[in-house]
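The values are calculated or read from the model by the stated rules, or taken from the named source; none is laboratory data. This one's a predicted model, so the numbers in the text were calculated from it and none came from an experiment. Here the Cβ is made from the backbone with ideal geometry for all residues, glycine too, and neighbour counts use every protein chain on show.
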Amino acid sequence: MPHTGNHIHLTGQTGNRKETNMLHEKLEEIMEAIWCAAEQEETSIDSIRKNCSVDFTENDLTDLENLGMIIINKDNILFSKNGNASAQEIIRRHRLAEVLVSSILKLKDAAMEEVACKVEHSLVPEVEDSICTLLGHPELCPDGKPIPKGRCCKRNLREVSNVVVSLTDIKPGKKGKITYIKPGSHSNMHQLLSIGLQPGIIVTVHRKSPAFCIKFENTELALDQEIAKNIFVWEIKEDG
Ligand SMILES: [Zn+2]
Ligand SMILES: [Zn+2]
Ligand SMILES: [Zn+2]
């Protein structure tokens, strides 16, 4: 039976804009699970099931195979070249959504995961890049897994003046606006949030030795080098 195509949403027009095939939400979740299993060097259907937020059947896998996304080899699932590229985009949206949800909405764990899985399916590429830029092109999601780079991250690498830098890279007396805190250990992260150090806050590097010291909102605070390194800021260039 030929594939009916009812799992494909076509967006965009046939004109200049590139037509993008977006997978049905459930299929996207399965693609995500295949990717996550592969990160753990697992390709079996069982391990994919463990990584998947939705239940799926053999028919769903057959759909993905018919769409040219995966290759089914007995109990193992591998991505095709196209499938790998699509999964990379899906994972990018999911993990960006996680960073967004955890840093802006301050949701954690299960709640974060649930909202992230809803948000990701509604991110169109233009919004996705804006969110990535707003968050300072994060490299890792809140669980410490890598976020595939997008066009905005690559563009950003070339525009040196707009690069987000680590707090330890700016000179004493200079200011930066926190865009992103790389999750190191959870206790550190919570400690920072509890004293009000969070994305959006403007900090001044006060001095770097003998201790790394910052000022923000009338507070002076000594920070561990390791922690300071994980705080990313847009450096604020002042005139005069
Ligand atoms: Zn998801
Ligand atoms: Zn994650
Ligand atoms: Zn980016």
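Hey, among the residues in region 76-101 that are within 16 Å of ligand 2 (Cβ to nearest atom) and among the hydrophobic types (A, V, I, L, M, F, W, C), which one's farthest from Arg151 (Cα to Cα)?
Step one: filter region 76-101 for residues within 16 Å of ligand 2 (Cβ to nearest atom), giving 87-101.
Cutting the leftovers down to among the hydrophobic types (A, V, I, L, M, F, W, C) gives us 87, 90-91, 96-97, 99-101.
Working: Ala87: 16, Ile90: 14, Ile91: 15, Leu96: 14, Ala97: 17, Val99: 18, Leu100: 18, Val101: 21 Å.
Of everything passing the filter in region 76-101, Val101 is farthest from Arg151 (Cα to Cα).
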> What do you reckon, is Lys118 closer than 19 Å to Leu27 by Cβ, surrounded by fewer than 18 Cβ atoms within 10 Å (Cβ to Cβ) and modelled with pLDDT under 95?
Replying inline: yes
> Counting only residues that are within 14 Å of ligand 1 (Cβ to nearest atom) and more than 11 Å from the chain's Cα centre (by Cα), how many does region 119-130 have?
Replying inline: 4
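Please tell me if Val115 is under 24 Å from Ile201 (Cα atoms) and touching a helix residue (DSSP H, G or I) at 6+ places or on another chain (Cβ under 8 Å).
Values: under 24 Å from Ile201 (Cα atoms): no; touching a helix residue (DSSP H, G or I) at 6+ places or on another chain (Cβ under 8 Å): yes.
The answer is no for Val115.
Can you pull out every residue in region 103-115 that is surrounded by 14 or more Cβ atoms within 10 Å (Cβ to Cβ), away from ligand 2 (no atom under 12 Å from the Cβ) and modelled with pLDDT of 75 or more?
Listed by number, the residues that qualify are Ser103, Val115.
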>> Quick check on this structure: which one of Thr168, Thr133 is outside the structural domain of Ser47 (by TED's automatic domain parsing) and more than 16 Å from ligand 1 (Cβ to nearest atom)?
In response: Thr168
> Wholly within region 124-240, which helices (runs of 4 or more DSSP H) include no fewer than the required count, namely at least 2 residues that are modelled with pLDDT under 85?
Replying inline: 125-134, 151-158, 186-194
>> So, in region 121-149, exactly how many residues are out of contact with any helix residue (DSSP H, G or I) (no Cβ under 7 Å at 6 or more places or on another chain), of a type in the set (A, V, I, L, M, F, W, C) and within 22 Å of Leu27 (Cα to Cα)?
In response: 2
